[in-house]
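The values are calculated or read from the model by the stated rules, or taken from the named source; none is laboratory data. Bear in mind the structure is a predicted one, so any value in this text is a computation, not a measurement. Cβ placement follows ideal geometry from the backbone for every residue including glycine, while neighbour counts extend to all protein chains displayed. We work out accessible area using only protein heavy atoms, side chains counted, and drop any ligands, DNA or RNA first. Shrake-Rupley method; radii C 1.70, N 1.55, O 1.52, S 1.80 Å.
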Amino acid sequence: MNKILCIVGPTASGKSAFAIEVAKQLNSEIISADSMQIYKHMNIGTAKICQADTHIKHHLLDIVEPFAEFSVANYQTLALPIIEQLIKDNKTPIVCGGTGLYINSILYPLNFSETSKNNDLRDSLKAKLNEFGAEYMHDWLCRLDTVSAEKIHTNDTKRVLRALEINLNFGLKVNTEIKQPQYEYLMIGFNPNDRKTLYDRIDNRVDTMFLNGLTTEVENLIKNGVTFDCQSMQAIGYKEFKQYFSGDINITELKELIKQHSRNYAKRQLTWFKKYNDIVWFDKPCDEAITLVNNTFLRK
RNA sequence: GCCUUGGUAGCUCAGGUGGUAGAGCAGGGGACUGAAAAUCCCCGUGUCGGUGGUUCAAGUCCGCCCCAAGGCA
């Protein structure tokens with residue numbers, strides 16, 4: 001018996017609507033696995049559903065302000081108790097989202113507690129990187145943690161720095177051993193057979209975002225003190241406004257850029273999800289997918 | 001009509017003094033354990049506008065033609 005239902009896929013593949021449909025049938029609740037929909041006041045650009053309209057409880061949406069720092073570790077801390085509670089209530093937890101790492105933090109026993117982040121150390125490592133370069137940092141890591149160094153490319157400075165941080169702070173190595181899932185699950189993935197279909201959907205969705213007032217939403221964020229340095233403003237559909245507001249690109253170029261970045265992102269998401277070899281893929285949300293869910297979870 | 005500058009990978013363009021082409025972006029594939037909508041890795045044969053010619057050898061020099069932009073009439 002599967003305990004958890006996971007619904008994944010690239011952006012604009014129809015996950016959210018499907019999750020709501022399924023939640024109604026299973027009389028359950030949805031746990032969002034989306035690294036950007038956690039932010040309040042960022043609704044249009046993150047394609048956040050309006051919870052009130054659905055009559056379905058969504059967890060982990062709108063949980064922090066756009067100024068806040070957030071990470072997988074925070075996500076995991078919040079998500080696991082919700083999962084446990086739902087299971088206790090005899091409801092099927094429905095995890096739905098496009099952030100692969102967040103989904104892993106639920107499905108697998110990834111332990112972040114022993115390697116908490118250290119901002120001071122991180123800053124000093126960044127300073128060293130700027131002074132001595134990527135190769136120097138990688139060589140350094142190689143001396144402390146050869147295994148990680150071999151896995152991390154020299155140019156992937158973000159990971160090199162994190163590995164150094166873990167090592168210098170705790171004397172530990174980055175833990176990348178393959179673990180067994182801590183929950184049984186059924187994972188459903190949506191991916192249009194034709195890549196062009198997906199890209200057209202993404203393009204249309206971006207156009208819709210602008211019609212729905214994306215520009216105003218971003219202006220309001222800025223007005224309220226959110227800057228482009230904030231982690232939240234890394235989000236596609238937001239970060240591009242920096243160039244627009246500074247006059248480097250016009251509105252047409254802005255839209256094109258957001259579409260472009262969204263398409264690139266969708267491809268990266270697919271790469272991530274493809275590695276789950278137990279995923280059940282569907283071209284799009286459909287009756288067969290619903291039937292599969294019902295047969296799996298509705299047997300009593 | 002004349003002059004000028006261009007016409008090179010899907011797009012934007014590099015390619016001193018001639019030796020059959022290379023970057024960025026796009027596209028495809030991949031990685032991913034506290035920024036993950038982030039970060040990073042791998043993949044480039046294309047009638048070098050066409051056609052004659054000079055040359056052992058032309059994207060690169062010369063002639064003519066076609067197309068585009070600008071200038072002069």
Single residue of A:152, A:178 found to be within 11 Å of RNA strand B (Cβ to nearest atom), among the β-branched types (Val, Ile, Thr) and without any contact (Cβ under 8 Å) to a residue 12 or more places away in the chain: A:178
Tally, over the range A:164-187, of residues that are under 19 Å from residue A:123 (Cα atoms) and touching an Asp or Glu at 6+ places or on another chain (Cβ under 6 Å): 1
Selected residue (only one of A:43, A:90, A:74 is out of contact with any helix residue (DSSP H, G or I) (no Cβ under 9 Å at 6 or more places or on another chain) and at pLDDT 95 or above): A:74
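Each row is one residue, and each column tells you yes or no for (1) part of a helix (DSSP H, G or I); (2) out of contact with any Phe, Trp or Tyr (no Cβ under 7 Å at 6 or more places or on another chain); (3) β-branched (Val, Ile, Thr).
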site	(1), (2), (3)
A:179	no, no, no
A:183	no, yes, no
A:196	yes, yes, no
A:216	yes, yes, yes
A:219	yes, yes, no
Qualifying residue in the range A:270-285 (condition: part of a helix (DSSP H, G or I), in contact with a strand residue (DSSP E or B) (Cβ under 6 Å, 6 or more places away or on another chain) and more than 22 Å from residue A:220 (Cα to Cα)): yes
Scope the range A:155-175; condition part of a helix (DSSP H, G or I) and near RNA strand B (Cβ under 9 Å from one of its atoms); matching residues: A:157, A:158, A:159, A:160, A:161, A:162, A:163, A:165, A:166
The one condition in (1) closer than 24 Å to residue A:78 by Cα; (2) in a helix (DSSP H, G or I); (3) near RNA strand B (Cβ under 8 Å from one of its atoms) that residue A:110 fails to fulfil: (2)
From A:236, A:251, residue being open to solvent by 20 Å² or more (accessible area, probe 1.4 Å) and modelled with pLDDT under 95: A:251
Near pairs, Cβ below 9 angstrom, 6+ apart or cross-chain, from the range A:60-84 (on the phi > 0 side of the Ramachandran plot) to any residue that is assigned to a helix (DSSP H, G or I) and more than 8 Å from RNA strand B (Cβ to nearest atom): A:60/A:78; A:60/A:79; A:60/A:82; A:62/A:51
Qualifying residue in the range A:201-213 (condition: open to solvent by 80 Å² or more (accessible area, probe 1.4 Å), farther than 21 Å from residue A:18 by Cα, away from RNA strand B (no atom under 11 Å from the Cβ) and among the polar types (S, T, N, Q)): yes
Single condition residue A:195 does not satisfy, out of (1) open to solvent by less than 80 Å² (accessible area, probe 1.4 Å); (2) within 10 Å of RNA strand B (Cβ to nearest atom); (3) under 30 Å from residue A:44 (Cα atoms): (1)
Scan of the range A:30-48 for residues that are over 15 Å from the mean Cα position of the chain (by Cα) and charged (D, E, K, R), ordered by number: A:40
